[in-house]
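Note sheet for the following structure.
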Amino acid sequence: MHYYEQWKNDTDDKTRPYLIIADANRFKSINDTYGHLQGDEALKRIANALRLGCRELGKRSNIARYGGDEFVILVWAGSEENIRLLCSSISSELKKLNDADNAPYELTLSFGTALASDDMTLEEVIQVADSELYEVKNKLR
């Protein structure tokens with residue numbers, strides 16, 4: 001919330017704020033099959049993949065755990081294409097980390113994104129991203 005409000009008070013014409021919700025696919029089955037300790041390790045790998053994927057953005061990104069197996073990223077980017085590339089980079093980093101740890105399960109993410117405008121509340125931006133995430137997750141089922 002802090003970073004979103006900060007942006008509303010100090011906009012940059014070269015970049016625009018996007019909100020990304022990242023949700024672990026089939027996370028419940030990891031906990032159910034391998035236990036909560038493995039689930040915790042999976043969450044750590046996800047957080048690390050988010051950090052690594054966003055590392056080139058520097059202070060233009062803020063990552064937070066949103067709840068359960070969901071994370072949010074508030075990122076300033078020049079275009080929607082930059083956001084697609086970021087999500088792809090995060091997914092690649094997660095695959096590398098999962099492979100390096102020899103995890104006995106596949107760990108992937110689904111993403112929902114929203115472009116924020118200065119007349120939107122943070123809750124409205126989250127709702128747009130969450131709606132897109134819901135559509136993506138439905139396609140996986």
Check your understanding: Given springs between every Cα pair under 10 Å in a Gaussian network model of the chain, which of 109, 50, 122 has the largest fluctuation?
Key -> 122
Review point. Using only helices, what value at 222 nm comes out for the chain when you add -39,500 (n - 2.57) per DSSP H run of length 4 or more and divide by the total residues, to the nearest 500 deg cm²/dmol?
Key: -17500 deg cm²/dmol
Check your understanding: For the chain, what relative contact order do you get, as a whole percent, if you take Cα pairs closer than 8 Å and at least 6 residues apart?
Key -> 35
**Study point:** Environment charge at residue 38 (Cβ cut-off 12 Å; Lys +1, Arg +1, Asp -1, Glu -1)
**Key:** -2
Study note, to complete from the structure: When 95, 139, 28 are ranked with the fewest other C-beta atoms within 10 Å first, the list becomes 139, 28, 95
Revision key, fill the gap. Under a Gaussian network model of the chain whose springs join Cα atoms within less than 10 Å, the largest fluctuation of 116, 100, 64 belongs to 100
Study note, to complete from the structure: If the chain between residue 1 and residue 84 were fully extended at 0.36 nm per residue, the gain over the current Cα-Cα distance would be 27.6 nm
Practice item. Compute the distribution of all C-alpha to C-alpha distances in region 22-105, in bins of 5 Å from 0, and list the percent of pairs in each, rounded to whole numbers. Key: 3, 14, 25, 25, 17, 9, 5, 2, 0
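Just so you know, all these numbers are worked out from the coordinates, no wet-lab data involved. These numbers come from a predicted model, not from an experiment. Neighbour counts are summed over all protein chains in view; Cβ atoms, including those assigned to glycine, are modelled from backbone coordinates with ideal geometry.
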